[in-house]
Amino acid sequence: MDSVLLMDCGSGTLQRMARSGVVPVDLAGIFISHAHLDHIGDLTAILFMLHLPEQERADDLLIHAGPGMGKILEGLQGVFGEWLTPSGCALHALEHQEGRFEVGELLCEVRPVQHHSSSIGIRVRGADGCTVAYLGDTDLCDEAVELCRGVDLAIMECSLTDDDDRPGHLNPKRIAELARRAKPEGLLISHLYPETAELDIPALLESHGCRIPAAVAFDGMGIAIDPPAH
């Protein structure tokens, strides 16, 4: 199996992984975009399952996250004790604000984004040259643009409607502007609230001048990215 990097793990992640044929022992690493409950709600369930002998792994499990993740992990282990200790390996929380690291054959770059003090986005390049950016929650900002610049697929949230200009999240108008500046090859829209889940987001993006192909994510969705021609 190619390296599997889990990017965020809100409530229900473990169940969705199982439906997709992925178990926690398959994970090469975990990336946490920020320490809000809707992005880490199933972390305890995943670590609990990794404690089971049948999920024993040879390599240490690394959680890549923004500032404060180590303290959160210590708190969880303080409550649940050894039940959150993976079987056969060590668990480490590596805190980043920006920089580069590797997860298996994946080359990763992270930058801070505008949502919470712990927020970082990630850009991943596979061994075949394909690139994906995942922003987590963010407002329109230069760091988000740079992470998404020219990638094959940019995964962006859409928590707000266009008439909601609260900071810290994206709406269709902000997504269109981010895409205009970054010029990714494709867009995948996720993290929808009830107000935005009812919208035709690809049509709204087009109305804002965005001509980049866009799709709305759903549970169990799979996307194949063709490697760049040499």
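The values are calculated or read from the model by the stated rules, or taken from the named source; none is laboratory data. These numbers come from a predicted model, not from an experiment. Methodologically, a virtual Cβ is constructed for each residue, glycine included, from the backbone with ideal geometry; neighbour enumeration extends over all protein chains shown.
Against the conditions (1) touching a Leu at 6+ places or on another chain (Cβ under 6 Å); (2) of a type outside the set (Gly, Ala, Ser); (3) in a helix (DSSP H, G or I), residue 73 satisfies every one except (1).
Quick one: is residue 141 out of contact with any Asp or Glu (no Cβ under 9 Å at 6 or more places or on another chain), closer than 19 Å to residue 33 by Cβ and either modelled with pLDDT of 95 or more or surrounded by 19 or more Cβ atoms within 10 Å (Cβ to Cβ) (or both)? Spelling it out, residue 141 is indeed out of contact with any Asp or Glu (no Cβ under 9 Å at 6 or more places or on another chain), closer than 19 Å to residue 33 by Cβ and either modelled with pLDDT of 95 or more or surrounded by 19 or more Cβ atoms within 10 Å (Cβ to Cβ) (or both). Restricting attention to the stretch 168-194, the residues being of a type in the set (D, E, K, R) and touching an Asp or Glu at 6+ places or on another chain (Cβ under 8 Å) number 3. The residue list 226, 128 contains one member that is assigned to a loop (DSSP other than H, G, I, E, B) and in the same structural domain as residue 111 (by TED's automatic domain parsing), which is 128. Can you tell me which residues in the stretch 131-154 are within 13 Å of the chain's Cα centre (by Cα), outside any strand (DSSP E or B) and β-branched (Val, Ile, Thr)? Listed by number, the list holds a single entry, 138. For the stretch 48-67, does any single residue satisfy the condition of being surrounded by fewer than 18 Cβ atoms within 10 Å (Cβ to Cβ), among the acidic types (Asp, Glu) and closer than 27 Å to residue 113 by Cα? No, the stretch 48-67 contains no residue that is surrounded by fewer than 18 Cβ atoms within 10 Å (Cβ to Cβ), among the acidic types (Asp, Glu) and closer than 27 Å to residue 113 by Cα.
Residues are listed down the side, and each one gets a yes or a no for (1) in a strand (DSSP E or B); (2) of a type in the set (S, T, N, Q); (3) touching a residue at least 12 places away in the same chain (Cβ under 8 Å):
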| site | (1), (2), (3) |
| --- | --- |
| 2 | no, no, yes |
| 25 | no, no, yes |
| 30 | yes, no, yes |
| 35 | no, no, yes |
| 46 | no, no, yes |
| 49 | no, no, yes |
| 58 | no, no, yes |
| 81 | no, no, no |
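Of all residues in the stretch 96-129, those satisfying the criterion of being surrounded by 16 or more Cβ atoms within 10 Å (Cβ to Cβ), under 29 Å from residue 166 (Cβ atoms) and of a type in the set (D, E, K, R) are 109, 111, 123.
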